[in-house]
Amino acid sequence: MAARGQAAKSVSGAAMSKYDVEVEARLRALEAKVAELSAKCDARAAAPASGGDSTKTELLWKIVNAMEPNFDHLVKRFGG
């Protein structure tokens, strides 16, 4: 009589081959990496912009706001 080995079991209780076990381990590692990268992306999206970009953006808005009262005059002068 042949000896039976102990097969790995899936979450549902079904027997899994050695290949299935390896694939499942790789899948779990990939899912963990995706979760890690997703968290990093979310953190970057929530973080304020770097000082250089933020400063430049603020300066441009100040220029736009300063020009706004004279906008009609500038359009007449430079065409548009």
Residue list for segment 42-58, filter: modelled with pLDDT of 75 or more, part of a helix (DSSP H, G or I), loosely packed, with under 10 Cβ neighbours inside 10 Å and not charged (D, E, K, R)
43, 45, 46
Output the residues belonging to segment 59-80 that are surrounded by fewer than 10 Cβ atoms within 10 Å (Cβ to Cβ) and polar (S, T, N, Q).
65
Counted residues in segment 24-38 being more than 21 Å from residue 11 (Cα to Cα) and among the acidic types (Asp, Glu) come to 1
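The values are calculated or read from the model by the stated rules, or taken from the named source; none is laboratory data. Everything numeric here is computed off the predicted structure, so don't read it as measured data. When we count neighbours, we look across all protein chains shown, and the Cβ atoms used for this are built from the backbone with ideal geometry, even at glycine.
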